[in-house]
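Have a look at the structure below before the remarks.
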Amino acid sequence: MDLETTDTERLLRDTFRSWFTSELAPAVPAMEDGTQLPYDLMRSMHRTLGLDAMLPRPGGGRTPGDTDGGGGLTANVARYARTTFVVEMARVSPSFALSWGASTGLFGANVVGKGTPEQIERFALPVLRSERIGSWALTEPGAGSDALSGLRTTARRDGDHYVLHGSKTFITNAPYADVFLVYARVQGGDHDGAIQPFIVERTDPGLTTGPPMKKMGMRGSPTGEVFLDDVRSAADRLLGGGVVQRDHVKSSLAAERGGLSVLSYGIAERCFEIARDYAKTRTQFGRPIADFQLVQQRLARMWVAIANCRRIVYADWLAGRALRESIADVCAGKLYCAEMGTFVAFEAIHILAGNGYMEEYVVERLARDAKLIELGGGTTEMQILTIARHLLA
């Protein structure tokens, strides 16, 4: 599936694939049944693969150095490496990729991008190094697709503190996270009525979390509720230290949607390869089932979906520069890749037939994981509405 990749790019891909195959894959069954958490493996991954070169830096870009793309790589190779890293992770365990992305991306990168130097040093960098685990808490029991206008969690100004009260649900890493980025509607002070993000630690009095939820898929990624019972948060925990975060939720959702597109592509690529290889070796009526045109048709349509998804998720790399995508572009990518990830996964199950329905061949797990991406980060319906609004604005 190479698109004119260089020797360096192929080496990076093979390095990532080797580590995820040898270190992550054996741990997947235990993570799926809840007997092993993903976080120690995240720390090992960071140390072994030297991920410091891929960390976000204040003001955008990556560290170290914008001139070479970080870690001695050209900017274009670095873009390829960052996307391929997540693709290879998702091929083995989408749920592991989901937890890692929520911690380092939705918490860590958000604090790096919007936080004060003190917030970055104290909260973001330990999370980016996977020394601590982060969580991003927006969704509420009564506000899913209606995340902003339906948000009920409040932050009441009280002297040099804010008092946070409310609850969150369906929050990735919530049962075990060390630090949370919590969105609340401010009451009083300069930000009255604004929805703003606050950094809250697990040890803060009044913060509790529910047990891991039982889910259809993404079972290796703990999901839970967050309860804020008059949690007192110092004013310097307001992300940015008092600077109003305009459109922060929208920009965070755009980043999340882009990341979810990559997860869908990784799922689709792995499912296609399993189905293709199975079709070439499984015999019926004395012939490999790959000889039958209806199986070929399924494989061809799967390939079309994957080829399109690949161009979406590797757009920066293919263009040779960092692209500035509109909200409509991001939503279109998430919409298409999410639907195609599910489509390819279920086509793979069909090609494997009874074997595809069993756990042994992996595709049933990947299909269950794929469905979440059509729901999380904004449902399919919300992507369509957002695209239409931007087209008609």
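The values are calculated or read from the model by the stated rules, or taken from the named source; none is laboratory data. What you see is a predicted model; the values in this text were computed from it and never measured. With ideal geometry, Cβ positions are generated from the backbone for all residues, glycine too; neighbour counts draw on all protein chains shown. Each accessible area value is taken on the protein alone, full model and side chains, heavy atoms only, with ligands, DNA and RNA left out. Shrake-Rupley method; radii C 1.70, N 1.55, O 1.52, S 1.80 Å.
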Item checked: Qualifying residue in the stretch 119-135 (condition: of a type outside the set (Val, Ile, Thr), open to solvent by less than 50 Å² (accessible area, probe 1.4 Å) and part of a loop (DSSP other than H, G, I, E, B)) -> yes
Notebook entry, point to check: So which residues in the stretch 274-286 are exposed (fewer than 15 other Cβ atoms within 10 Å of the Cβ) and part of a helix (DSSP H, G or I)?
Noted result: Asp277, Lys280, Thr281
Item checked: Residues within the stretch 303-322 that are within 12 Å of Cys337 (Cα to Cα), hydrophobic (A, V, I, L, M, F, W, C) and surrounded by 14 or more Cβ atoms within 10 Å (Cβ to Cβ), tallied -> 5
Check: Among Leu181, Leu151, which is of a type outside the set (D, E, K, R) and either part of a strand (DSSP E or B) or open to solvent by 40 Å² or more (accessible area, probe 1.4 Å) (or both)?
Finding: Leu181
Check: For the stretch 301-393, which helices (runs of 4 or more DSSP H) that fit wholly inside it have 1 or more residues that are under 16 Å from the mean Cα position of the chain (by Cα) and under 17 Å from Ser264 (Cβ atoms)?
Finding: 327-352, 363-373
Next item on the list: Output the residue which, of all residues in the stretch 154-178 that are touching a strand residue (DSSP E or B) at 6+ places or on another chain (Cβ under 7 Å) and on the phi > 0 side of the Ramachandran plot, is surrounded by the fewest Cβ atoms within 10 Å (Cβ to Cβ).
Entry: Phe170
Notebook entry, point to check: When Gly71 is evaluated against the numbered criteria (1) part of a loop (DSSP other than H, G, I, E, B); (2) at pLDDT 85 or above; (3) closer than 18 Å to Asp14 by Cβ; (4) not aliphatic (A, V, I, L, M), which criterion, by number, is the only one it fails?
Noted result: (2)
Notebook entry, point to check: What's the number of the condition Asp229 fails, among (1) in contact (Cβ under 8 Å) with a residue 60 or more places away in the chain; (2) over 26 Å from Val330 (Cβ atoms); (3) not in a strand (DSSP E or B)?
Noted result: (3)
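Here is a yes/no grid of residues against (1) open to solvent by 60 Å² or more (accessible area, probe 1.4 Å); (2) among the aliphatic types (A, V, I, L, M):
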{"position": "Pro288", "(1), (2)": "no, no"}
{"position": "Val295", "(1), (2)": "no, yes"}
{"position": "Arg301", "(1), (2)": "yes, no"}
{"position": "Ala328", "(1), (2)": "no, yes"}
{"position": "Ala370", "(1), (2)": "no, yes"}
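Kindly establish whether Leu263 is touching a residue at least 40 places away in the same chain (Cβ under 8 Å), assigned to a helix (DSSP H, G or I) and not acidic (Asp, Glu).
For Leu263, the condition - touching a residue at least 40 places away in the same chain (Cβ under 8 Å), assigned to a helix (DSSP H, G or I) and not acidic (Asp, Glu) - is met.
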